[in-house]
Amino acid sequence: MSDLGSNLDDLYREIILDHYRSPRNRGELESPPAIRVEGFNPLCGDEIVVYLDIEDGILKNIKMVGSGCSISQSSASLMSSAVKGKTLDQVRATIAMFKQLMTVQESTLAHDGEAPKVDLRALGELAALQGVIKFPVRIKCATLAWNALVEGLDGLD
Amino acid sequence: MTSFNAKRVRADIPQLNRVVFDHPITYLDTASTSLQPNAVIDAMSRYYQLRHANVHRAVYQTASEATAAYEGSREAVARFINAPGGAGEVVFTKNATESFNLLAKSWGAKNLSAGDVVLVSEMEHHANIVPWFQLREHTGIEVRFIPTTDDYRLDTSRLDELMQGVKLLSITGMSNVLGSINPVRELAAVAHRHGALIAVDGAQSVAHAPTDVVALDLDFLVFTGHKMLGPTGIGVFWTREEILDAMPPFLGGGGMIADVRLDGYTPADGPTRFEAGTPPIAEAVGLNAAVLYLEGLGMTNVVRHEHALAGDALTRLELEFHGRVRVIGPGDMTERGGVISLDVEGVHPHDVAQVLDQFGVCVRPGHHCAKPLMRRFGLAATVRASYGPYSNTKDTDVLIEALGHAVKMFG
C-alpha cells in the first residue's frame, strides 16, 4: 500500500503542493480601482476572489483570496505568478495556452493518447497542472481562478 | 428466521469483487447509494428476460405477471415498514426526493396555508428543505428549523416553543452527514400533542434499522430503494390510508386516472392516483428482492453489525490520528449509525477523497446536500465514510491506512 500510484504523483506534483502550502499573491487590492471578480464552484464549495490592477495595458498586480482544494488553490497561485506584470496580450496568450492544456489533453486521452500538442516548456511551472487532465472531475477545480481572470478581462472590453 | 453472516453477505455482492487501481474495492459510500446483492440484480434480470410487460393495462399472461410482480412489491414494502393499511398505503415514486415533493405539493398545498408552520431540522437533506421553500413561495407558509447542538444532536431543548403553529414536523430519522439518529418516536408524540403530523425522512434510517410506522406512530414516511440494496429509480412514499385518500393527485397523465373526458378527468383511487405514467416496474421487482434479502438478514442484525463496525472505526480513528482527523458527528455510538463524516486537518475533502481513490476506497467528499448543516459547523465539505450490511473491519483498515497517506502527503 505504500505505492501511491503514478497517477496520483502526476496530480500532486511537488510544485502544486508547494503552491498549495505557500500560495503566492495572497491578499486583496482596494477595489475600485482594482477589478474584483468572484469564482465559485457550487458543487464542492471552492471559492476564489481575484483582484486585478491593470494600468496601460499591463496587469501590474494580482491578488487573490479564497478557499478550496489543493488543485483549485495551487492553480490560482500558479496563475498569479504566471500573469503578474505581463501585458494583457501576454496574459490572454497564457490563458489560451492553459485552456488548451486542459482541453487538448483530454481529447488526446480519449483518442489513445497521441502526443500532446501543447508546448509544455512555454507553460513553465503551469505545466505541473497537466496531471489534472487524468482526473476529469478535477478540471473544474483547476480552471476556477482562470475563469475568474477571464471574466475580469472580459469586463474591460 | 433470519441469518446474518457477514462473509456470506459480501459474497452476495458482485461489485465487491472489483479491483480499482490494483486494490480490491473498499466501498464506504453506502449513505450515498448501496451496492446490490445478486438476488436483486438477478430478480430484475429475470423480469426483463421473461415477464416484462406494462402494468395495469393488458390482459395477456405476461402483463398480468408483471402487474402481480409490481403490486407484490408494494405488499413487501408495506410488510417491511408494518404499514397498518397494507399495500394500499404505499406509493412508488422515483426516489425519496420525489416522495418529499409529493408530500409538499399534494398534501402540503392542500392542507397548509399562509402562516402555517412546517418544522424541519438544521440537519435535513436538501430534499426535506427545498420543497418546503417552494411551497412557501406559493402559499406563504413558514419553514422553521430545529437547531443542532454543538455535539451534533438535534437540539430539542426549545421544542415545545418551536412547535407553536406547526402543522407538520418533517424530520430525518438519521442524518446523512452526522450519523445522528433522531428520537422519532418521542418527536411523533410531541407533534401529535401539538395537533401536528409527523413526516420522517427514512432515506438513511430505513436501510439500517428496523422501521415500524405503527410503533413509531408516524404519519408519513419517505425513503428510497437504492440506499437499501435495491435499484435506483424507485422511491417510497407511505402515509395512513385516510390521509392518502384525501390527498389530491400529484403528477398528471396516464395510469393515475379513473376517467378522462373532454371536459376534465377523475383521478384513480389509492396509490395509483400518484403514479402517473408507466411506473418503474423492474425497479419495483428489484426493491421487492432487496426487501426479501434484508428480511432474510434481519434488520436487528444489520443494525448490530453496522453499529459494531462504526464504533470500532470511531475508536481507531481517534487512536490513529489523535484529533488530526476530526469526526463531524457524535463521537460515541449512542443513538448513532454507521455514517462517519471526517474533517482532516489542513487537507481539503476532495484531496482526501482523491488519495483514497488510489487505494480503491470509495468515500464521498462534499456538502452531502446538507448545506445549512455545513454552514452551522463552519465547513464547506467533509469526507464521509458510510457502512452497510456488507462492510467489514478490513474496510476500516484500508480507510485508516489511506487516510494516513493523505495526512502525510499534505502534512
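The values are calculated or read from the model by the stated rules, or taken from the named source; none is laboratory data. From a predicted model like this one, the values you see are computed outputs, not experimental measurements. Cβ: placed from backbone, ideal geometry, glycine included. Neighbour counts: every protein chain shown. Surface accessibility is based on the protein's heavy atoms, side chains included, excluding ligands, DNA and RNA. Shrake-Rupley method; radii C 1.70, N 1.55, O 1.52, S 1.80 Å.
Can you say whether B:ARG304 is in a helix (DSSP H, G or I) and over 21 Å from B:ILE181 (Cα atoms), as far as the supplied structure shows? For B:ARG304, the condition - in a helix (DSSP H, G or I) and over 21 Å from B:ILE181 (Cα atoms) - is not met. Residue under question is B:THR2, and the condition is that it be in contact with a strand residue (DSSP E or B) (Cβ under 9 Å, 6 or more places away or on another chain), among the polar types (S, T, N, Q) and either closer than 30 Å to B:CYS362 by Cα or open to solvent by 60 Å² or more (accessible area, probe 1.4 Å) (or both); does it hold? The answer is no for B:THR2.
Within region B:1-19, the set of residues being more than 23 Å from B:SER341 (Cα to Cα), touching a residue at least 24 places away in the same chain (Cβ under 8 Å) and of a type in the set (A, V, I, L, M, F, W, C) comprises B:PHE4, B:ALA6, B:VAL9, B:ILE13, B:VAL19.
Test B:PHE100 against the criterion of being open to solvent by 40 Å² or more (accessible area, probe 1.4 Å) and within 20 Å of B:HIS367 (Cβ to Cβ), and give yes or no. Give the steps one after another, and end with the answer.
Details: open to solvent by 40 Å² or more (accessible area, probe 1.4 Å): no; within 20 Å of B:HIS367 (Cβ to Cβ): yes.
No: the conditions fail for B:PHE100.
Within region B:339-374, can you find the residues that are within 22 Å of the chain's Cα centre (by Cα) and assigned to a helix (DSSP H, G or I)? Across region B:339-374, the qualifying residues are B:LYS371, B:PRO372, B:LEU373, B:MET374. Of the residues making up region B:182-195, just one is buried (at least 22 other Cβ atoms within 10 Å of the Cβ) and not in a helix (DSSP H, G or I), namely B:ASN182. A count restricted to region B:1-51 and to residues that are more than 14 Å from chain A (Cβ to nearest Cβ) and farther than 15 Å from B:PRO389 by Cα stands at 15. For region B:375-384, the set of residues classified as part of a loop (DSSP other than H, G, I, E, B) and surrounded by fewer than 24 Cβ atoms within 10 Å (Cβ to Cβ) consists of B:PHE377, B:GLY378, B:LEU379, B:ALA380, listed by residue number.
Filtering region B:368-407 to residues that are among the β-branched types (Val, Ile, Thr) and facing another protein chain (nearest Cβ under 10 Å) leaves only B:VAL398. When you check B:THR156 against the structure, is it open to solvent by 10 Å² or more (accessible area, probe 1.4 Å), under 25 Å from B:GLU242 (Cβ atoms) and in the same structural domain as B:PHE250 (by TED's automatic domain parsing), yes or no? Considered against the rule, which asks whether it is open to solvent by 10 Å² or more (accessible area, probe 1.4 Å), under 25 Å from B:GLU242 (Cβ atoms) and in the same structural domain as B:PHE250 (by TED's automatic domain parsing), B:THR156 comes out as no. When region A:44-68 is examined, which residues are found to be within 13 Å of chain B (Cβ to nearest Cβ) and within 25 Å of A:THR87 (Cβ to Cβ)? Result: A:ILE48, single match. For region B:205-229, which residues satisfy the criterion of being open to solvent by 10 Å² or more (accessible area, probe 1.4 Å), within 10 Å of the chain's Cα centre (by Cα) and either modelled with pLDDT of 95 or more or among the basic types (Lys, Arg) (or both)? If the condition is that a residue be open to solvent by 10 Å² or more (accessible area, probe 1.4 Å), within 10 Å of the chain's Cα centre (by Cα) and either modelled with pLDDT of 95 or more or among the basic types (Lys, Arg) (or both), then B:SER205, B:HIS226, B:LYS227 are the ones that fit. Mind listing whichever residues of region B:374-391 are over 15 Å from B:GLY179 (Cα atoms) and of a type in the set (D, E, K, R)? The answer is B:ARG375, B:ARG376. Among the candidates A:SER2, A:SER31, the residue that is surrounded by fewer than 18 Cβ atoms within 10 Å (Cβ to Cβ), at pLDDT below 90 and within 13 Å of another protein chain (Cβ to nearest Cβ) is uniquely A:SER2. Scanning region B:42-78 for residues that are free of Cβ contacts under 8 Å to residues at least 12 places away in the same chain and at positive phi yields nothing.
For region B:230-289, the set of residues classified as under 16 Å from B:VAL91 (Cβ atoms), open to solvent by 20 Å² or more (accessible area, probe 1.4 Å) and of a type in the set (Asp, Glu) consists of B:GLU241, B:GLU242, B:ASP245, B:ASP269, B:GLU283, listed by residue number.
Here B:THR93 does not qualify as within 14 Å of chain A (Cβ to nearest Cβ), crowded, with 23+ Cβ neighbours inside 10 Å and β-branched (Val, Ile, Thr).
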